[in-house]
Amino acid sequence: MKMSKRKIALLLAVAMLIAVALIGCAKATPEEAAEPAKTEVAAETTESTETAEAAPTEKVTLTVWAPDFPRVDYNNNEMTTWLEEHGNFDLEITAIPTEDYITKVNLALTVGDPAELPDVILGGQNVQFSAAKIQEWADTGTIIPLTEYYEDPELAVNINEAFERTGVDYSKQLSMSDGEIYSLATFNQSYGNEYSAKMWIYQPWLDALGAEMPTTTEEFQALLKQVAETDLNGNGKHDEIPLVGAQLSSDKGKWFNYLMNGYTYSGTTNYLAVNNGKVSAAYTTDEWKEGLRYIKGLIDDGSLISESLTMTDDQYSAILNAEEHTVFALCHTTPSAVTDKEIREGYRIVEPLIGPDGAQYAWYSPTQVLHMMVITSNCKNPEAAFRFGDLMSSEYIGISQRWGLQGTNWDYAAEAKDAESWESAYENFDLYFVAYDDAAFWSDTEPTTASWLQRGGLFVRQFGIANGIGVSKGAVSEYDANVYHANALYQTGGFAPAEVIAVNNGNLVYNEDEAEVVSELESTLTSFAQEYAASVLVGSKNLDSDWDAFLAELQNIGLDDYLAAIQSAYDRTV
Amino acid sequence: MLLPVIYIVIFKYLPMIGLQLGFRDYKAKFGLFGSEWVWFDNFIKFFKSYEFSRTLKNTVILSVYNIIATTIVPMAFALTINCIENQRFKKITQTIVTLPHFISVVVLVGILMRILDNRTGVYGVVFDAVTGHYPDSVFTNGRSFRHIYVWSGVWQSFGWNAIIYIATLAGVDGGLHEAAQIDGASRFERVLHVDLPHILPTAVILTIMNIGKLMTLGYEKVLLLQNSLNLEYSELISTYVYRVGLSGAVRSNFSYATAIDCFNAVVNLILIIAANRASKRVSDTSLW
């Protein structure tokens, strides 16, 4: 039975490929299709320069596709009205079911009739366009390059302002391997997401031991050992788990990076580090070796349970939420995996540990762009379409997308009602704006006309928005306060190295050759490094005597080719 | 008659057109027929790759182990249940052991992980109740992977696979048993000399067919059971194909995956022909 299922799946996949290929054959070659689109764009821009200064007097009609959401009627919405007024548009938005939105868009852009495409196709929450898809559509010639619009300061007004607001020129991350930009994007800076490997320990037990918050790897080890030897939950059994995590390749496998960061910066998902512009794999360094020795020590002490190397996220959650509370330390963005409210509140943040040689780093993955809007080759007025995307990159939409209508749902701090009863969520940020009844606005099930609720289109938010949001004085829950404190501690602590490669190498854009090398080698190398680390930690391999063989095997797999490809992508895009 | 032929042509022969993918450098924009020919480059890349020897070895060992266990257990079960006189008991037992066959792989692995969990699972709780401490996790021991894989599969499928043997045993001529009894054969000797020879041809045919699938162990269950500690034993050709071909983080390499699977199919074809020949020579039983 297993076999036949797999075969059917394969057959279907192959059948689909054939279908796509056959239809692809019938059409003109992609280069031919792309040409007219490009010349059209050029023509539009030359005549545009005069009109760009003032908003165009003539109303431009734009047809738009957006993913649907039961609470939002795009054509009867204040945000639509705002965009139409400020850009002098007439927007005709077609909502398409979210479930198969990407499939539908993909079909329309690869094998559909280009004459039936709308002017603009928007992504939305949970339906972003992957870089690979953008590249594919660009190759097919059904979406047009936007680089020259980005470079035109009179067109990309709000986008340039967004670069300033966020302090990041995120357009770099948008360019594809041919150097052109094909999309407009959401860029959402917020604390918490950038530093997702944070260590949390259970404060009540720390108090019971009369111990201090650990600051070094050594202190941490001693503390965990103490926990392992004491019956802190008082059930007469040694069932306390000092430290637990899930397997390295999983989302909850970041404990490994956290512990390793006391020795060397261990990167993120692929363990890549950058020093003075030079990319290297952290797992080949001597510091890594010492880090492994330290972690092995934790396992040998009984402090870190060895199941941490094999558990899935589900099994990990099962342990955290076992009937009897047993877990002292865990590592994740927040302790939200703990479902019991009281226990969850007990977890407090630990700073990144200082290693024996003074190393102190934190997993850092800077905010990444999400491709959210493309302009099709069927668009008669791509410049206007670009202005539409630019308008959505404004700060007003940045707030309005999520919090609704200014004056009704929210106000800037200066105009806020009862200004004195609000304070900013983060101490080190000024109160920026106040959203009055956000829980009701956001979680309501009734339709709203106040905004698109981020379900369609894009938005750009700098740290100051999410962090400067008003919270009712004295009404913040203990858990939220813990999380705000932890986020601020990591974000402002200076624990990140100057140069980094983001999660899943998200800040790199590969060209054809690099993509080939990376797609072939990356998963093998990363899983081999994890395999070796895990084997050493449980003792089935010897750290010292097997180390050279490990390095040799990495060379054998092709570490040098891989790093060379990453390096050239890094040099070009970061 | 026509329907099955149409089915086979559409779902088995037409898709083979896609095999050319393995000999091309597939690019979506040029399509299946427009991509550049690279002939055997993808195959050579696989043979030279680091994963080749390890995945091949793991696939063969796991397959052979699996075939042996899933052949012997249902046979033994069929022979045993055939000896039972109580019809009611026989039927109920058969129904119970057939049921696991209908559990999906994902659910099965979920159940396995829960049961074998060394702290929260039945295994851990019982071990703790008896000895007073938790056992080591079975999943941190890479070597246990093959046994977990094979024996959970046996548990799931032996009842179902035994059906064909039980049906064959029903066809044993009662006269043979009587004659054996008159000659003074014990119950066990009758199983050995009457029942077993009767189902052997069926077993041989089934084994030949299984050998034809030797290299194509389903990847779902293996993927679900995989972790960094058992990768040394659990990375198979099929999971590798999945990893580079379909789930590539950077880019899916369809050509390379097709080439590897094509290699797999060729090896299977050779194996099934060889097994058939060997069986023909040794036992006169063969598929064709």
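The values are calculated or read from the model by the stated rules, or taken from the named source; none is laboratory data. Since the structure is predicted, the reported quantities are computational estimates derived from the model, not experimental observations. We place every Cβ from the backbone using ideal geometry, glycine too, and count neighbours over all the protein chains shown.
Structure notes:
- Pair list, Cβ under 6 Å, 6 or more apart: region A:345-363 residue in contact (Cβ under 8 Å) with a residue 24 or more places away in the chain and more than 12 Å from A:F220 (Cβ to Cβ), other residue buried (at least 18 other Cβ atoms within 10 Å of the Cβ) and of a type in the set (S, T, N, Q): A:Y361/A:N261; A:W363/A:N257; A:W363/A:T268
- Residues in region A:414-450 that are at pLDDT 85 or above, over 16 Å from A:R71 (Cβ atoms) and of a type in the set (G, A, S): A:A414, A:A416, A:S421, A:S424, A:A425, A:A435.
- Given (1) modelled with pLDDT under 90; (2) in contact with a Leu (Cβ under 6 Å, 6 or more places away or on another chain); (3) not small (G, A, S), number of the condition A:I501 does not satisfy: (1)
- Residue match in region A:515-533 (condition: more than 11 Å from chain B (Cβ to nearest Cβ) and either within 24 Å of B:K48 (Cβ to Cβ) or in contact with a strand residue (DSSP E or B) (Cβ under 6 Å, 6 or more places away or on another chain) (or both)): no
Let's see how each residue does on (1) closer than 30 Å to A:L304 by Cα; (2) away from chain A (no Cβ under 11 Å); (3) within 22 Å of the chain's Cα centre (by Cα); (4) not polar (S, T, N, Q):
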site: B:K48; (1), (2), (3), (4): no, no, no, yes
site: B:T80; (1), (2), (3), (4): no, yes, no, no
site: B:K91; (1), (2), (3), (4): no, yes, no, yes
site: B:R114; (1), (2), (3), (4): yes, no, no, yes
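- Checking B:T216 against (1) over 30 Å from A:E512 (Cα atoms); (2) in contact with a Phe, Trp or Tyr (Cβ under 9 Å, 6 or more places away or on another chain); (3) at the interface with chain A (Cβ under 7 Å from one of its Cβ atoms), the condition it does not meet: (2)
- Residue match in region A:282-294 (condition: within 25 Å of the chain's Cα centre (by Cα) and either of a type outside the set (D, E, K, R) or within 14 Å of chain B (Cβ to nearest Cβ) (or both)): yes
- All positions within region A:154-184 that are over 17 Å from A:G87 (Cα atoms) and among the small types (G, A, S): A:A162, A:G167, A:S171, A:S175, A:S177, A:G179, A:S183
- Leading residue by the ranking (farthest from A:D119 (Cα to Cα)) among those in region A:368-411 that are acidic (D, E) and within 27 Å of the chain's Cα centre (by Cα): A:E395
- Residue tally, condition among the hydroxyl-bearing types (S, T, Y) and either more than 32 Å from the chain's Cα centre (by Cα) or assigned to a loop (DSSP other than H, G, I, E, B) (or both), over region A:206-223: 1
- Taken together, the residues in region B:109-153 that are aliphatic (A, V, I, L, M) and surrounded by 16 or more Cβ atoms within 10 Å (Cβ to Cβ) amount to 7.
- Listed by first and then second residue, the pairs with beta-carbon distance under 7 Å, at least 6 apart or on different chains, first residue in region A:555-570 and on the phi > 0 side of the Ramachandran plot, second assigned to a helix (DSSP H, G or I) and surrounded by 20 or more Cβ atoms within 10 Å (Cβ to Cβ), are A:G558/A:L521.
- Of the residues making up region A:534-552, those that are part of a helix (DSSP H, G or I) and within 12 Å of chain B (Cβ to nearest Cβ) are A:A534, A:S535, A:V536, A:L537, A:V538, A:A552.
Listed here are the residues, each with its yes/no results for (1) at pLDDT 90 or above; (2) not hydroxyl-bearing (S, T, Y).
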| residue | (1), (2) |
| --- | --- |
| B:L79 | yes, yes |
| B:F89 | yes, yes |
| B:S104 | yes, no |
| B:V107 | yes, yes |
| B:T120 | no, no |
| B:Y123 | yes, no |
| B:V126 | yes, yes |
| B:T140 | no, no |
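- Of everything in region B:13-25 that is of a type outside the set (A, V, I, L, M, F, W, C) and at the interface with chain A (Cβ under 8 Å from one of its Cβ atoms), the residue that is surrounded by the fewest Cβ atoms within 10 Å (Cβ to Cβ) is B:P15.
- Matching helices (runs of 4 or more DSSP H) fully within region A:25-128 where at least 2 residues are touching a helix residue (DSSP H, G or I) at 6+ places or on another chain (Cβ under 7 Å), at pLDDT 50 or above and closer than 15 Å to A:A385 by Cβ: A:78-87
- Filtering region B:125-157 to residues that are more than 10 Å from chain A (Cβ to nearest Cβ), under 29 Å from B:L217 (Cβ atoms) and small (G, A, S) leaves B:S144, B:S152.
- Note on region B:191-275: enclosed helices (runs of 4 or more DSSP H) holding 2 or more residues that are of a type in the set (S, T, N, Q) are B:196-211, B:237-241.
Yes or no, residue by residue, for (1) in a strand (DSSP E or B); (2) touching a strand residue (DSSP E or B) at 6+ places or on another chain (Cβ under 7 Å); (3) touching a residue at least 24 places away in the same chain (Cβ under 8 Å):
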site	(1), (2), (3)
A:E148	no, no, yes
A:P153	no, no, no
A:I159	no, no, yes
A:E164	no, no, no
A:A185	yes, yes, yes
A:G192	no, no, yes
A:Y195	no, no, yes
A:W200	yes, yes, yes
A:P204	no, no, yes
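- Of everything in region A:347-356 that is out of contact with any Ser or Thr (no Cβ under 9 Å at 6 or more places or on another chain) and surrounded by fewer than 22 Cβ atoms within 10 Å (Cβ to Cβ), the residue that is farthest from A:A496 (Cα to Cα) is A:R348.
- Conditions (1) under 23 Å from A:N276 (Cβ atoms); (2) within 14 Å of another protein chain (Cβ to nearest Cβ): number failed by A:A498: (2)
- Yes/no for A:T310 being within 30 Å of the chain's Cα centre (by Cα) and within 14 Å of chain B (Cβ to nearest Cβ): yes
- Of all residues making up region A:107-160, the number that are within 18 Å of A:M176 (Cβ to Cβ), surrounded by fewer than 18 Cβ atoms within 10 Å (Cβ to Cβ) and under 23 Å from the mean Cα position of the chain (by Cα): 2
- Taking region B:27-41 as the range and being at pLDDT 80 or above and not aliphatic (A, V, I, L, M) as the test, the residues that pass are B:F33, B:G34, B:S35, B:E36, B:W37, B:W39, B:F40, B:D41.
- From the options A:V338, A:V327, residue that is crowded, with 24+ Cβ neighbours inside 10 Å, out of contact with any Phe, Trp or Tyr (no Cβ under 6 Å at 6 or more places or on another chain) and of a type in the set (V, I, T): A:V327
- Of all residues in region A:211-232, those that are farther than 17 Å from A:W200 by Cβ and small (G, A, S) total 2.
- Among the candidates B:S238, B:S255, the residue that is surrounded by 20 or more Cβ atoms within 10 Å (Cβ to Cβ), within 14 Å of chain A (Cβ to nearest Cβ) and touching a strand residue (DSSP E or B) at 6+ places or on another chain (Cβ under 9 Å) is uniquely B:S255.
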